[in-house]
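The values are calculated or read from the model by the stated rules, or taken from the named source; none is laboratory data. These numbers come from a predicted model, not from an experiment. Counting neighbours? That spans all protein chains shown, and the Cβs are built from the backbone with ideal geometry, glycine included. Surface areas here come from the heavy atoms of the whole protein model, side chains and all, with no ligands, DNA or RNA. Shrake-Rupley method; radii C 1.70, N 1.55, O 1.52, S 1.80 Å.
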Amino acid sequence: MNLATMKLNINNWKLAIRNLKNQKRTTILNIIGLAFGFAAVLFLSAFVYRELTYDSFHENADKIFKPEFEIIEADADIDISPNLTLDQINLFRDNVPGIKAISFLNYSRWDWDNGAWIEYRNNKFNIDRMAFSDKYFSDVFSFKTRIGNLEESLDEPDKLVITKELSDKIFGIENPVGKEVLLNNKPIVIGAVLEKVPSNSSIEIGGLVSYKSAPYFFGNKITDWSNIPFIRIDEKAMPEQIGESFSKVLRLSLPEKELKKINPIFHTTLVPIRELYFHEDSAYSPIKHGNKSTAYVLLGIGLLILILAIINYNNLLLVTSLKWRKDFGIQQILGAGKGNAKKQLLIKGTIITFAGFFVSILIVSIGLNWFNQLINYPLEPSDFRTMPAVTIAFGLLLITILFSGVIPSLTGDYSNPLIQVRGMQSEQNNYNKMWKGLVTFQLFVSIALIIGAMVISKQINYGLKKDLGLNVQNVVTIPTHKLADKQQAYLDLLSQHAQTQSFCQSTSYINTFNVWGGKLKAPGIAIESILYNMIRVNSSFIETLGLNLLEGRNFRNNNISDEGAMIVNEAFVKHFKLENPLEATVRDYPIIGVVEDFNFNSLHYQIEPAILWNTPDKIGLSSIHFTANNKTDVRIYMDFLKAEWGKLDASKPFEFEFLDDRLTSMYQKDIVLAKSIISFSVFAIFIACLGIFGLLSYVMEMKVKEIGIRKVNGAKVLEILKLVNLDLVKWITIAFIIATPIAYYAMNKWLENFAYKTKLSWWIFALAGLLALGIALLTVSWQSWRAATRNPVEALRYE
């Protein structure tokens, strides 16, 4: 590069920077718009990448699977289970070729029997997601050990493995390995500490204990169907062949008499651990699950926001280029080459893009906590420093520079300086059409996002306010079975409180029915095997939860003859076409009543056949209905429940959950989607408003003389305002006409995911259009008013 070329390039940089300084408003609007576009994409791409890479941190993630089993009996009874007994796990380990390692996790004993807590130096700490496992755990998974021996700790009955977070909470900077603590009031030694479990792990672990400790804590070994198996297969093994081998060995694990009786067909599915996060599972599953559709929708919104930001830049470039091209035409007459114009455009685009990117990094740093709270997600600063995140960031830079600098510089015609100086009217008209079209696209996206946000919010509110057919207000659920033999004493104490209306017991929460199978007998109906939802309850369940008994009678309290009796819902009667349901039996137990249908699942699903089974000796989750007129009443009652719990057994933490909160949690993914769309719609509208503000600023400059002449000739302020804002109203009308059918189709498809749904009311679309119009008019109202009230002498002074 010779000296002359270097000086020319330096001059191009100086001219580009001077041009940006002279157009401060446009430059600032561009930087802010691109910054918010970049920030939206960085936020959402980090979220989506984490979602799509769940469990990929395991060294052998491609070879790790979770087996699931389907057993079809001779009478068509189907049993689907992701769990195995310990004997079956050992059988698979020894008899299925191609398995490198097999291990398991068992949360049920801790979740349902007593929970888990550690006591150290008279301080108690709850352990969430406590599980049994075995010494093969580290052969399957790649959870890192911070200190201690993980394999040895899971092979000995007197060792406990905890996580780094729990270790820091209990021991601070002390080395916990070798220290004795009380786990559920029984002495045990800390054998190892795991590093922090990655937040993109679908398997949650708070603590681990060897299965050999089961007799020590619960008086029996793990021989039930509560073990969730995981396998790691050989490099050359085929998952389909492993699944077939599992089915064969599973058949061998059943007694000969049982095989002859039910003559089952086994089918095994191996779920890759990388797909586990998005895999549908039972309501009882301790595996963390996400929604792939939500991830893709949010990523799409992020990309739309970036597109709006880039359109903003090109819009403002188009409307300012006529003036800029006149300046450059003069430069050409004075000897500048046409390549200089392209270089200056490229330099301007590059400077603005990098400035916007650096501002976006500041927005991400400041707004990370807000984003995590918005989507209830644990993104960390380190997530933006990974290689994929850096690659995405540089990709955004290159794409934006391409569209904001390279393409405009290559597509412009700068060959004739006279055309640049005079400014051809036809060319100006083409520019007008182009930037009006781009603004209309921005408004179309904004209106469509507003409609989407409103429909999703309306559906969620519909679900939260819909009459579910049961009482959900002022109902608190407490796992009173953890009090063991003191449970009844606790229930007797709370029954004496004035705020207690009634209480009942069940084996699980109202929204977590178990799927059962059995034989149905009824007049005129042949014996058949059926599937249904069932929950074990006691006699006060219907009263406490406010279910409506339509036919028959309720369970009688303390009546031995009613033990095992069943009450079914309307859906059960309709599904199995029972003309006289009170004459039918299921599993040889009598049906004594029919209750009105109630929603025990989210509104995504139709109400399914369900049975309330009276088995008071096998339940222990207590639901209490109490009176409360305000938050103070609720607090007072909860303080009472906690205090009485502590008097009976202070060693076990008091846990509770309000029923309405639990039912609301069924819509958590929809709530996250709604909040995200609403928030990022604000981003999109803000960027669109920046563009409109910049465009109208330029339009005002172009119409200063016209407005001055009109005012001299007697035009009123309202007439001037109409003249200035008329184009904006046209753009919004066109955008609304385009957005309405597209948004209607998209939201109608989304609502198809719900069995019970709100209506797509006309006012949602009208309100979205009015909101877009109002926001846009407010954005330019000051400019419009300033132009309309300006002294015409100022505009015509130099004419």
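Worth pointing out:
- Out of 101, 116, one residue alone is within 18 Å of residue 205 (Cβ to Cβ), at pLDDT below 85 and of a type outside the set (Ser, Thr, Tyr). It is 116.
- Selection status of residue 312, surrounded by 19 or more Cβ atoms within 10 Å (Cβ to Cβ), at pLDDT below 80 and polar (S, T, N, Q): yes
- Check on residue 367, at pLDDT below 80, surrounded by fewer than 19 Cβ atoms within 10 Å (Cβ to Cβ) and not aliphatic (A, V, I, L, M): no
- Within segment 52-64, residues that are farther than 20 Å from residue 196 by Cβ and touching a residue at least 40 places away in the same chain (Cβ under 8 Å) reach partners that are open to solvent by 30 Å² or more (accessible area, probe 1.4 Å) and assigned to a loop (DSSP other than H, G, I, E, B) with beta carbons closer than 8 Å, at six or more positions or on different chains, in the pairs 63/234; 63/235.
- For segment 557-585, filtered to residues that are of a type in the set (S, T, N, Q) and in a loop (DSSP other than H, G, I, E, B), the residue that is farthest from residue 543 (Cα to Cα) is 580.
- Listed conditions (1) over 23 Å from residue 661 (Cβ atoms); (2) of a type outside the set (Ser, Thr, Tyr); (3) open to solvent by 60 Å² or more (accessible area, probe 1.4 Å) are all met by residue 520, apart from (3).
- Taking residues in segment 624-648 that are β-branched (Val, Ile, Thr), and partners anywhere that are open to solvent by less than 80 Å² (accessible area, probe 1.4 Å) and part of a helix (DSSP H, G or I), the pairs with Cβ atoms closer than 8 Å and at least 6 places apart or on different chains are 624/494; 624/544; 624/641; 627/633.
- Any hit, segment 540-551, residues being among the aliphatic types (A, V, I, L, M), touching a residue at least 40 places away in the same chain (Cβ under 8 Å) and open to solvent by 50 Å² or more (accessible area, probe 1.4 Å): yes
- Candidate set: segment 164-206, residues that are in contact (Cβ under 8 Å) with a residue 60 or more places away in the chain and touching a helix residue (DSSP H, G or I) at 6+ places or on another chain (Cβ under 7 Å); chosen: the one farthest from residue 287 (Cα to Cα): 184
- Any hit, segment 451-472, residues being in contact with a helix residue (DSSP H, G or I) (Cβ under 7 Å, 6 or more places away or on another chain), among the polar types (S, T, N, Q) and either over 21 Å from residue 653 (Cα atoms) or at pLDDT below 85 (or both): yes
- Taken as a whole, the structure leaves residue 481 outside the set of residues that are over 38 Å from the mean Cα position of the chain (by Cα), in contact (Cβ under 8 Å) with a residue 60 or more places away in the chain and open to solvent by less than 80 Å² (accessible area, probe 1.4 Å).
- Candidate set: segment 572-594, residues that are open to solvent by less than 10 Å² (accessible area, probe 1.4 Å) and within 41 Å of the chain's Cα centre (by Cα); chosen: the one nearest to residue 555 (Cα to Cα): 593
- Only listed residue being open to solvent by 50 Å² or more (accessible area, probe 1.4 Å), on the phi < 0 side of the Ramachandran plot and touching a Leu at 6+ places or on another chain (Cβ under 8 Å), chosen from 718, 770, 777, 726: 777
- Segment 8-59: number of residues that are at pLDDT 85 or above and not in a helix (DSSP H, G or I): 7
- Counting the residues of segment 128-159 that are closer than 18 Å to residue 117 by Cα and crowded, with 23+ Cβ neighbours inside 10 Å gives 5.
- Any hit, segment 78-86, residues being at pLDDT below 80, more than 30 Å from residue 296 (Cβ to Cβ) and part of a loop (DSSP other than H, G, I, E, B): yes
- Identity of the residue in segment 645-687, aromatic (Phe, Trp, Tyr) and not in a loop (DSSP other than H, G, I, E, B), that ends up farthest from the chain's Cα centre (by Cα): 645
- When segment 435-462 is filtered for residues that are open to solvent by 10 Å² or more (accessible area, probe 1.4 Å), over 20 Å from the mean Cα position of the chain (by Cα) and of a type in the set (S, T, N, Q), only 440 remains.
- Every test in (1) assigned to a loop (DSSP other than H, G, I, E, B); (2) touching a residue at least 12 places away in the same chain (Cβ under 8 Å); (3) surrounded by fewer than 17 Cβ atoms within 10 Å (Cβ to Cβ) is passed by residue 467 save one, and that test is (2).
- Hits in segment 122-142 (condition: farther than 21 Å from residue 217 by Cβ and not in a loop (DSSP other than H, G, I, E, B)): 138, 139, 140
- With respect to the stated conditions, residue 172 fails to be more than 29 Å from residue 278 (Cβ to Cβ) and buried (at least 19 other Cβ atoms within 10 Å of the Cβ).
- Among the residues making up segment 636-658, those that are modelled with pLDDT of 90 or more, open to solvent by 50 Å² or more (accessible area, probe 1.4 Å) and either closer than 15 Å to residue 477 by Cα or of a type in the set (S, T, N, Q) (or both) are 639, 642.
- Filtering 244, 258, 240 for residues that are closer than 30 Å to residue 519 by Cα, open to solvent by 100 Å² or more (accessible area, probe 1.4 Å) and modelled with pLDDT under 85 leaves a single hit, 244.
- Any hit, segment 741-758, residues being touching a residue at least 12 places away in the same chain (Cβ under 8 Å), within 21 Å of residue 692 (Cα to Cα) and open to solvent by 40 Å² or more (accessible area, probe 1.4 Å): no
- Of the listed requirements (1) more than 26 Å from the chain's Cα centre (by Cα); (2) within 30 Å of residue 601 (Cα to Cα), residue 746 misses just one: (1).
Listed here are the residues, each with its yes/no results for (1) out of contact with any strand residue (DSSP E or B) (no Cβ under 7 Å at 6 or more places or on another chain); (2) of a type in the set (Gly, Ala, Ser); (3) under 30 Å from residue 773 (Cβ atoms).
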| site | (1), (2), (3) |
| --- | --- |
| 592 | no, no, no |
| 596 | no, no, no |
| 608 | no, no, no |
| 615 | no, no, no |
| 648 | yes, no, no |
| 661 | yes, no, no |
| 669 | yes, no, no |
| 686 | yes, no, yes |
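- Meets criteria (among the polar types (S, T, N, Q) and at pLDDT 90 or above) for residue 108: no
- Per-region count, segment 49-70, residues open to solvent by less than 20 Å² (accessible area, probe 1.4 Å) and either of a type in the set (D, E, K, R) or within 14 Å of residue 289 (Cα to Cα) (or both): 5
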